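**Student:** Sharing a structure below in structure tokens format, with a few things to ask.
The values are calculated or read from the model by the stated rules, or taken from the named source; none is laboratory data. Everything numeric in this text was worked out from a predicted model, so none of it was measured. We place every Cβ from the backbone using ideal geometry, glycine too, and count neighbours over all the protein chains shown. Calculation scope for accessible area: heavy atoms of the full protein, side chains included, ligands and nucleic acids excluded. Shrake-Rupley method; radii C 1.70, N 1.55, O 1.52, S 1.80 Å.
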Amino acid sequence: MNIKELFLIELIKVQKRKAFWVTVGFYAFFGAIFLWIISQGSFSVNSEIYQGFSLPNDWMSVLGQFKLFSIIYLPVTIILLSSDEFANRTARQNIIDGLTREDYFLSKLILVFFISAVYLLLFIGLGLAVASFKQAVSHNAIRLLEINLFTSYFVLLIGYGTLALFFSFLAQNTANALVFYLLYLFLETIAAPLLSLKEATAQIPMYLPTNVFDTLIDASRFAANEVFQSTDAGKLSTLFAWTFALIYIAAINGAAFYSFKSRDL
């Protein structure tokens, strides 16, 4: 079965799932509230001070907050849409109906790309909508700089999405997959400062998967008239960040497929 057919199958499934509309709806709702609040004037969030909201100048500053929303809402969306298919025997039925395991896994990988695109477009759309309503957007609201920023953000979303997909296939249960995903984020969070205590392991945290994904949108990589800048010492260069991110995405998907193919449905 070709990619277009697999995408259409997933699109039909997504449209019928309340979980998709609820999670995406909450993301859009809280994102819109956040943008509306900071557009009113001086406002502080997580020690970062916002002085209004205008585009294209503030794309980078608001992206950090939306990333915090996304690494929860996007994986939850993917887990709810994929893990339930094991509990409801949908995955088994799809194989019985003629899909190969490779086709089925590819359809879920397409789902990750699709959901990632939805969250990216929501971020861009909400930003443009609020800035336009406040008459705080210029004619060149999206420049080459932002195109590269959004591309990096899209890869970040795919990275977190593939982690969610891996735990979905590993657990084959929605609740367990959510717990595993959140536990993994917690373990990486506490591992970084512990590893940094000793000189021999101090550089390891920058190579951990979520840190690599996060560093793709590090503000120091982007300058007004230049694209894909190198970061300060102690951080991965842009080339290495992209290389490791793509390797991790491929490896996580490989592990997910192995888990899926080696187990009974």
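**Student:** Treating cross-link reach as a plain straight distance, find the aspartates and glutamates whose alpha-carbon is under 18 Å from the alpha-carbon of LYS198, omitting any fewer than eight places away in the same chain.
**Tutor:** Of all the aspartates and glutamates, those that pass the test against LYS198 - Cα under 18 Å, at least 8 places apart if same chain - are GLU188.
**Student:** Still on this structure, I have one more. Summing +1 for each Lys or Arg and -1 for each Asp or Glu, what net charge is found among the other residues whose Cβ lies under 11 Å from the Cβ of ALA241?
**Tutor:** 0
**Student:** Report, in cubic angstrom per residue, the convex hull volume of the C-alpha atoms of segment 136-265.
**Tutor:** With only Cα atoms used, segment 136-265 gives 153 Å³ per residue.
**Student:** Something else about it: Per residue, how much accessible surface does the chain expose to a 1.4 Å probe? Answer in Å², no decimals.
**Tutor:** Heavy-atom accessible area per residue stands at 50 Å².
**Student:** Per residue of segment 121-131, in order, report the coupling 6.51 cos²θ - 1.76 cosθ + 1.60 (Karplus, θ = phi - 60°) as ³J(HN,Hα) in whole Hz, putting x for Gly and Pro.
**Tutor:** Coupling constants for segment 121-131: 5, 5, 4, 5, x, 5, x, 5, 5, 5, 5 Hz.
**Student:** Compute the acute angle (0 to 90°) between the alpha-carbon long axis of helix 59-87 and the principal axis of greatest extent of the alpha-carbon atoms of the chain; round to the nearest 10°.
**Tutor:** The answer is roughly 10 degrees.
**Student:** Okay, next question. Could you tell me what percent of the accessible area of the chain is made up of carbon and sulfur, with a 1.4 Å probe and every protein chain present?
**Tutor:** 65 percent
**Student:** For the Cα atoms of the chain, what angle does the longest principal axis make with the long axis of helix 3-16, in degrees from 0 to 90, nearest 10?
**Tutor:** The angle comes out near 80 degrees.
**Student:** Round to the nearest 10 and give me the degree value, 0 to 90, for the angle of helix 174-195's Cα axis relative to the longest principal axis of the chain.
**Tutor:** Between the helix axis and the principal axis of the chain, the angle is about 50 degrees.
**Student:** Label points 7 Å out from Cα along the Cβ direction at PHE29 and SER61: separation in nm?
**Tutor:** 2.8 nm
**Student:** Another question about this same structure. 7 Å from Cα along Cα→Cβ at both SER259 and ARG17: what's the point-to-point distance in nm?
**Tutor:** Between SER259 and ARG17, the simple spin-label model gives 1.6 nm.
**Student:** Determine the sum of side-chain charges near LYS108: Lys and Arg each +1, Asp and Glu each -1, restricted to other residues whose C-beta is under 13 angstrom from that of LYS108.
**Tutor:** Spelling it out: positives minus negatives among the neighbours equals -2.
**Student:** Just to confirm a number: summing +1 for Lys and Arg and -1 for Asp and Glu over residues other than LYS16 whose beta-carbon lies under 14 angstrom from that of LYS16, what do you get?
**Tutor:** 0
**Student:** Another question, then. Please check: in the Gaussian network model of the chain (C-alpha springs, under 10 Å), which one of SER107, SER82, SER220 has the largest mean-square fluctuation.
**Tutor:** Among SER107, SER82, SER220, the largest mean-square fluctuation in the Gaussian network model of the chain belongs to SER220.
**Student:** Continuing with the same structure: Sort segment 19-100 into rounded, prolate or oblate with this rule: let a ≥ b ≥ c be the square roots of the eigenvalues of the Cα gyration tensor; rounded if a/c is under 1.5, and if a/c is not under 1.5, prolate when a/b is larger than b/c, oblate otherwise.
**Tutor:** In terms of gyration-tensor shape, prolate.
**Student:** Another question about this same structure. Show THR77, THR201 ordered by accessible area, largest first, where the area counts protein heavy atoms only and the probe is 1.4 Å.
**Tutor:** Sorted by accessible area, descending: THR201, THR77.
**Student:** Cα centroids of segment 64-78 and segment 182-208: how far apart, whole angstrom?
**Tutor:** 21 Å
**Student:** Once amide H atoms are placed 1.01 Å from N in the peptide plane, what residues at a sequence separation of 5 or more from TYR50, or on another chain, have their amide H within under 5 Å of its amide H?
**Tutor:** Answer set, sorted by chain and number: PHE43, SER44, VAL45.
**Student:** Something else now. Sort the following peptides by mean Cβ neighbour count (other Cβ atoms within 10 Å, averaged over residues), highest first: 187-199, 89-101.
**Tutor:** Highest mean packing first, the order is 89-101, 187-199.
**Student:** Cross-link candidates for LYS261: which lysines have Cα within less than 30 Å, leaving aside residues fewer than 8 places away along the same chain?
**Tutor:** LYS4, LYS13, LYS16, LYS18, LYS108
**Student:** Work out Dmax and Rg for the chain from the C-alpha atoms and quote the Rg first, both in angstrom.
**Tutor:** Considering the chain through its Cα atoms, Rg and Dmax are 19.5, 58 Å.
**Student:** What aspartates and glutamates does LYS67 reach when the alpha-carbon gap must be under 13 Å and sequence neighbours fewer than 8 apart in one chain are set aside?
**Tutor:** Cα-Cα hits under 13 Å: ASP214, ASP218.
**Student:** Mind checking which of LEU183, LEU165, LEU81 has the largest fluctuation in a GNM of the chain, springs on alpha carbons under 10 Å?
**Tutor:** Sorting by GNM fluctuation, first place goes to LEU183.
**Student:** Now for a different question. Out of residues 5 or more away from VAL137 or on other chains, whose amide H comes under 5 Å of its own, with H placed 1.01 Å from N in the peptide plane?
**Tutor:** LEU55
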